[in-house]
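Working notes for the structure below.
Nothing in this text is a laboratory measurement; each read-out follows from the coordinates by a stated rule. Here the structure is a predicted model, which means the values were calculated and not measured. Every residue, glycine as well, gets a Cβ built from its backbone with ideal geometry; the counts of neighbours run over all protein chains shown.
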């Protein structure tokens, strides 16, 4: 959990930046960016902020169990809060996909569409097929790690100025593993797009 995520540890007015080297069973190991330099002692009460790509901003309290030159071990780790950014994180893309359309009006048929933007809980698509509310699309979304199996329900449609139709869809029956994979893809794609804008 939290593997290699950026984190900060605070004890009073002392703050240590680094990343999570290991976390589990109520303990966390922080590897400091610039060494510990004797700033912490065993038994110190600490607060830990972890910036997790999947879980968002996660805050813990705990106590220092062991200190080395570059590492701090925090024990009695207790979750204090979690600010989940997954709900609002979306990215604009243009990904061509194919799937199976399940409609109450017709027999199942294949469909081709373009994903225009994507989040961990839904997407906006463009397609020449006529869709109605509550239609379902079963498909696999490609990510660098793996193809993510998804079921999407059409919620609304919108005509654009170019006379095409966009459809807003939400993912249904979404398992945590798939939501995590989508959120990771969104974060990675946003970072790549930011780098491209900076270099252009």
Could you work out how much longer the chain between residue 162 and residue 66 gets when fully extended? Use 0.36 nm per residue separation minus the Cα distance between them, nm to one decimal.
28.3 nm
For the chain, what are Rg and Dmax over the alpha carbons, in angstrom?
22.1, 70
In nm, give the distance between the simple-model label positions of residue 1 and residue 133, each being 7 Å from the Cα along the Cα-to-Cβ direction.
4.0 nm
May I ask for the distance between the Cα centers of the range 29-80 and the range 143-198, given as a whole number of Å?
34 Å
P(r), alpha carbons of the range 69-124 - 5 Å bins starting at zero, rounded %
4, 13, 12, 12, 12, 11, 8, 7, 8, 6, 4, 2, 1, 0
Taking only the alpha-carbon positions of the range 6-83 and ignoring solvent, what does the Debye formula give for the base-10 log of I(q)/I(0) at q = 0.13, 0.17, 0.25 Å⁻¹?
-0.31, -0.54, -1.24
Could you run the Debye sum over the Cα atoms of the range 90-199, one equal point scatterer each and no solvent, and tell me log10 of I(q)/I(0) at q = 0.16, 0.17 Å⁻¹, two decimals?
-0.72, -0.80
Ratio of alpha-carbon Rg to the 2.2 N^0.38 Å globular estimate for the range 21-138, to two decimals, please.
1.74
Arrange the following residues from fewest to most other Cβ atoms within 10 Å of their Cβ: 97, 23.
97, 23
Pairwise Cα inverse-distance average, inverted: Kirkwood Rh of the range 134-200 (Å)
14.0 Å
Under 8 Å for C-alpha pairs, at least 6 residues apart: give me the relative contact order for the chain, rounded to a whole percent.
13 percent
One finds, for residue 143 and residue 110 with R0 = 25 angstrom and r their Cβ-Cβ distance, a FRET efficiency to the nearest 0.05 of 0.70
Length gained when the stretch residue 42-residue 100 is fully extended (0.36 nm per residue, less Cα-Cα span):
15.0 nm
Which angle between 0 and 90 degrees, to the nearest 10, do you get for helix 176-199 versus the longest principal axis of the chain when only C-alpha atoms count?
90 degrees
Order these by the 10 Å Cβ neighbour count, fewest first: 184, 14.
14, 184
